[in-house]
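As structure tokens, the structure follows; a few thoughts come after it.
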Amino acid sequence: MDLAKEYLASEIFEELDYVLLDYPDETPIVNAYKMLFTDKHIIVESLENASIFIFDTAGKLENIIRNYGDGPGEFRIFDGLSLVGNDQIRVDVGYLKKSLVFDFKGNLLEETINQNSESVYHGQDFMLQHFPYGELDQQFIFIRSSALDTVGFVPARKGTDQMIPFGYVHTYLQGPTNDIYFREKYTSNVYVFNQNGYLKDSIVFDFGKYQLDWETKVRLGKDTKAQREYFTDNKKVEYVISFFPMPFGYFLSATYDYKKPHWIFLDADKQVKKVIAGITNDIDQMPLRQYSWTYHDDWIIYQMDSRTFFNSYVETFQGQSVDTKNVNLHAFFNQKKEALKEEKIVLVKMRLK
């Protein structure tokens, strides 16, 4: 982490783009959680009202899937959201132990029963599930099940049961070679499975003097007050914030001070290429936040409140004469100015070189 440097945006990004997610006031997104992308659509999970918003790539709302109830095709809350191909959505409903598949118009295509409520990856003829505290007699944290057999991988680590359970924004990620990646937040380890769901490799991140030892992590366990005090007083990496398989290799985000995330780029051989501690936006001058909420292909993407975006733009360019035709940012602001004043979401997209 001490190798981190400040970079100009033009040194790490090909381009910047902005998308306003526009939706009616009477059906708002409340706590935008997971976001999925296809070449033609943006899918957003509205966490608080258990709804799935489907937009085109320009941010125009096309449909909302919201099926309240406990009957066939219905849910009150859900735990997993994933794509099936480029035109279907799978919803895992933990409390009902079932999975639902919808097309983008909201038509129910499939409903299957799961044996339990844990996080699920659905392969062509198998399921891969994560059990943070262990499962089966050997207490494995990953279980691959199919019609033919059930196989476990990776024994549970002693002390994990002292950790506070939590949800994952990103669970199983598919890389450019169709490998499946799972970042375990408790340990900052990443497990790699082949496309058939069998364990292939594991990546263990060691942050040197900023590494938090396992005994301390277990001791802090479920004591949130003690955790807050410890990480305020000690420069230690609590966990990896983001890990994404990218076309050039891997993207990693982590912090040791709760304030300033560091971005780490690794090549395909997992060698460190860049460690980024700050970004000065010399592309369009709009202040950038070093957030990494989600990704798509070679884009890193984060979300922000549209009113905050509006105020930041006005503060940045107040009194300046800007060309609203030739720069993405200014054209976007000029076209969406009135909608930005409402309670909407802006996606800030940064395309990596």
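Readers should treat all values here as calculations from the given coordinates under stated rules, not as data from a laboratory. A quick note: this is a predicted structure, and the numbers were derived from the prediction, not measured. With ideal geometry, Cβ positions are generated from the backbone for all residues, glycine too; neighbour counts draw on all protein chains shown.
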In nm, to one decimal, how far is the F317 label point from the K158 one, both placed 7 Å along Cα→Cβ? 6.0 nm
Trypsin sites (Lys or Arg not before Pro) within region 199-294: DSSP coil, no more than 16 neighbouring Cβ in 10 Å: K222, K235, K259, K270, R289
Loop-located chymotrypsin sites (Phe, Trp or Tyr not before Pro) in region 43-122 whose Cβ has at most 16 other Cβ within 10 Å (DSSP): Y68
Restricting attention to the alpha-carbon atoms of region 141-233, what are Rg (one decimal) and Dmax (integer), both in Å? 15.7, 52
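How far, in nm, would the chain grow between E14 and R289 when pulled straight, counting 0.36 nm per residue and subtracting the alpha carbon separation?
Fully extending the segment from E14 to R289 adds 97.3 nm.
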Once a ≥ b ≥ c are taken as the square roots of the eigenvalues of the Cα gyration tensor of the chain, is the result rounded (a/c under 1.5), prolate (a/b larger than b/c) or oblate (a/b not larger than b/c)? oblate
Equivalent-ellipsoid semi-axes of region 1-147, from the Cα gyration tensor, Å, largest first: 30, 25, 14
As a percent rounded to 5, the proportion of antiparallel DSSP bridges among beta bridges in region 200-353 is 95 percent
Using helices alone, I'd like the mean residue ellipticity at 222 nm for the chain: each DSSP H run of four-plus residues gives -39500 (n - 2.57), total over residue count, nearest 500. -3500 deg cm²/dmol
Dimensionless Rg/Rh of region 286-353 - Kirkwood Rh, Rg from C-alpha atoms: 0.97
Which value, in nm² and rounded to one decimal, describes the direction-averaged projected area of the C-alpha convex hull of region 196-296? 9.2 nm²
Give, rounded to the nearest 20 debye, the magnitude of the charge dipole that the chain has about its Cα centre when Lys and Arg contribute +1 at Cβ and Asp and Glu contribute -1 at Cβ. 740 debye
Considering only Cα-Cα distances, which of the following residue pairs are longer than 21 Å: K34/K60; K34/K185; K185/K259; K5/K217; K34/K259? K5/K217; K34/K259
Using the 2.2 N^0.38 Å rule of thumb for compact globular proteins, work out how region 102-166 stacks up: its C-alpha Rg over that value, please. 1.36
Out of region 158-207, which chymotrypsin sites (Phe, Trp or Tyr not before Pro) are coil in DSSP terms and have no more than 12 other C-beta atoms within 10 Å? F166
